[in-house]
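The structure is given below, and queries will be raised subsequently.
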Amino acid sequence: MSKPLKIKISIADRVYPLTIAPAQEEGLRKAAKQIEVMIKRFEKSYAVRDKQDVLAMSALQFAAQVEQKKIDTVSDSQQVEERLKALDRLLHEQVS
């Protein structure tokens, strides 16, 4: 087991000290960078004075992306299942 790693992540001009598994570092740093990019985009696009609003909109954006991926995955799985069933029927017809 790897030794915990202490890092600092900066989000919205605040620094957050974290103790994490070394395997998590890259993902956390990339996520923090994406949040910063999204914050800057919201600040440029809208007249936002409060960081809390920008953070809330960023959280909503990320949550919506996660939920949409879940929906897309279920849809893809259903399509694959339907195709497999159709192939199974064709094989049974050919064998019979």
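The values are calculated or read from the model by the stated rules, or taken from the named source; none is laboratory data. Note that the structure is a prediction, hence the values are computed from the model and not measured. Note that each Cβ is placed from the backbone with ideal geometry, even for glycine, and that neighbours are counted across all protein chains shown. Quick note on the areas: whole protein, heavy atoms, side chains included, nothing else; ligands and nucleic acids left out. Shrake-Rupley method; radii C 1.70, N 1.55, O 1.52, S 1.80 Å.
Just to be sure I understand the filter: pairs with C-beta atoms under 7 Å, separated by 6 or more residues or on different chains, first member in the range 58-84 and under 24 Å from Q34 (Cβ atoms) and in contact (Cβ under 8 Å) with a residue 12 or more places away in the chain, second member surrounded by 10 or more Cβ atoms within 10 Å (Cβ to Cβ) and of a type outside the set (S, T, N, Q). Which pairs pass?
Every condition considered, the pairs that remain are S58/I35; S58/M38; S58/I39; S58/F42; Q61/M38.
State which residue is nearest to the chain's Cα centre (by Cα) when the search covers only the range 63-80 and only residues that are of a type in the set (G, A, S) and within 19 Å of A31 (Cα to Cα).
A63
Yes or no: A23 surrounded by 10 or more Cβ atoms within 10 Å (Cβ to Cβ), closer than 28 Å to L5 by Cα and not hydroxyl-bearing (S, T, Y)?
Against the criterion (surrounded by 10 or more Cβ atoms within 10 Å (Cβ to Cβ), closer than 28 Å to L5 by Cα and not hydroxyl-bearing (S, T, Y)), A23 does not qualify.
Only residues that are touching a Lys or Arg at 6+ places or on another chain (Cβ under 9 Å) and not β-branched (V, I, T): list them for the range 22-42, please.
P22
Here's another thing I want to ask about it. How about the range 36-65: which of its residues are more than 17 Å from D13 (Cβ to Cβ) and either hydrophobic (A, V, I, L, M, F, W, C) or part of a helix (DSSP H, G or I) (or both)?
Matches in the range 36-65: S45, A47, L60, Q61, F62, A63, A64, Q65.
Here is a follow-up. Of the residues A12, A31, A21, which is modelled with pLDDT of 90 or more, touching a Phe, Trp or Tyr at 6+ places or on another chain (Cβ under 9 Å) and of a type outside the set (S, T, N, Q)?
Exactly one of A12, A31, A21 is modelled with pLDDT of 90 or more, touching a Phe, Trp or Tyr at 6+ places or on another chain (Cβ under 9 Å) and of a type outside the set (S, T, N, Q), namely A31.
A further question on this structure: Taking the residues in the range 36-54 that are open to solvent by less than 60 Å² (accessible area, probe 1.4 Å) and either touching a Phe, Trp or Tyr at 6+ places or on another chain (Cβ under 7 Å) or under 17 Å from Y16 (Cα atoms) (or both) as candidates, determine which candidate is modelled with the lowest pLDDT.
V48
Checking the condition open to solvent by less than 100 Å² (accessible area, probe 1.4 Å), in a helix (DSSP H, G or I) and over 30 Å from K3 (Cβ atoms), which residue from A32, A86 passes?
Answer to the selection: A86.
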